[in-house]
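A.B. asks: The structure follows.
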């Protein structure tokens, strides 16, 4: 029986100061290298994000996640090439365990904020001058209040569950105390 091919994640951190054409070329070269001996199964552009720490006095990088199947030769070629490629800030290749789910969608927008932005675009196209800042501030405040209310509700549920567990444990201990001694 042939084992299923291993799945790998390649996290690319590209220099945001590099030209757009350079970053696009790096992305296409990576996919071409993978497809020479393997197959790309997912490509996720996470955009320009703040790094955990500065690298060469740069605080941001463009993040890309490429998921693929491939033999060791593809891994070796990727590592060799990405180490010397200008425009690559950092990269990491990780072998995934079987059953690992899909990567998160880190590009999700707050739906309320997206709705306000869409309304503002429609207003501008209609020749109106909407107060985007006020509408956006209200939408953000509403979204934050909603998130806080959900967190408080979750905490209340967790406290109630913990309280019930304590009561159940106390009831079990009491019933054990009331039981006649074993002969």
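A.B. asks: When you look at residue 33, is it out of contact with any strand residue (DSSP E or B) (no Cβ under 6 Å at 6 or more places or on another chain), crowded, with 16+ Cβ neighbours inside 10 Å and closer than 23 Å to residue 76 by Cβ, yes or no?
C.D. replies: Criteria met by residue 33.
A.B. asks: Here is a follow-up. Looking at 47, 99, 87, which one is modelled with pLDDT of 90 or more and at positive phi?
C.D. replies: Just a single option satisfies the conditions, and that option is 87.
A.B. asks: On the given criteria, is residue 41 closer than 16 Å to residue 93 by Cβ, in contact (Cβ under 8 Å) with a residue 12 or more places away in the chain and surrounded by 15 or more Cβ atoms within 10 Å (Cβ to Cβ)?
C.D. replies: No, not satisfied.
The values are calculated or read from the model by the stated rules, or taken from the named source; none is laboratory data. These numbers were taken from a predicted model, which means no experiment stands behind them. Please note: Cβ atoms are built from the backbone with ideal geometry, for glycine as well, and neighbour counts cover all protein chains shown.
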